[in-house]
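Undergrad: Could you have a look at this structure, given as structure tokens, before my questions?
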Amino acid sequence: MKRKRRHLTAEFKARVALEALKEEKTIQQIAIDEDVAPAQVSAWKKELQERIGELFERKNAASESIKKSEAQTARLERKVGQLVIEKEFLEKKCVQLGIDLSERP
């Protein structure tokens, strides 16, 4: 009989990964106790080891990055607007001077 797929919470995964990180039990023992695959326990442990530093990063580092991105986007939008106005102005002048715009490269 096929086992129904379980949806494991982040808290459960963190607890299992932390238990594996402590190395008080083997990965096999943890997997048996928690009824998950040993490979999954190893994957969670590895992810915890790789990402644990994120917990201690400055809390506003992400918001600073977002602010920089938004400022750059705003600057680029202003530049695009300026270029559109200049293009329209030049097209209008070409029409006034009788310059054929179809000859553009």
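The values are calculated or read from the model by the stated rules, or taken from the named source; none is laboratory data. Given the structure is predicted, the values throughout are model-derived calculations rather than measurements. Because the Cβ atoms are built from the backbone with ideal geometry, glycine has one as well, and the counts that use them run over all protein chains shown.
Undergrad: Please work out if Ala10 is surrounded by 11 or more Cβ atoms within 10 Å (Cβ to Cβ) and at pLDDT 90 or above.
TA: no
Undergrad: Kindly state which helices (runs of 4 or more DSSP H) lie completely within segment 27-105 and contain at least 2 residues that are among the small types (Gly, Ala, Ser) and under 30 Å from Arg6 (Cβ atoms).
TA: So the answer is 38-51.
Undergrad: Inside segment 16-26, can you point out the residues that are among the hydrophobic types (A, V, I, L, M, F, W, C) and either more than 17 Å from Arg6 (Cα to Cα) or touching a strand residue (DSSP E or B) at 6+ places or on another chain (Cβ under 9 Å) (or both)?
TA: Ala17, Leu18, Ala20, Leu21
Undergrad: Can you tell me which residue among Gly98, Gly81, Gly53 is within 30 Å of Ala20 (Cβ to Cβ), free of Cβ contacts under 8 Å to residues at least 12 places away in the same chain and either exposed (fewer than 10 other Cβ atoms within 10 Å of the Cβ) or out of contact with any Leu (no Cβ under 8 Å at 6 or more places or on another chain) (or both)?
TA: None of the other options fit; the residue is Gly53.
Undergrad: Quick one: Ala20 ticks every box in (1) part of a helix (DSSP H, G or I); (2) free of Cβ contacts under 8 Å to residues at least 12 places away in the same chain; (3) not acidic (Asp, Glu) except a single one, so which number is it?
TA: Here Ala20 meets the rest and fails (2).
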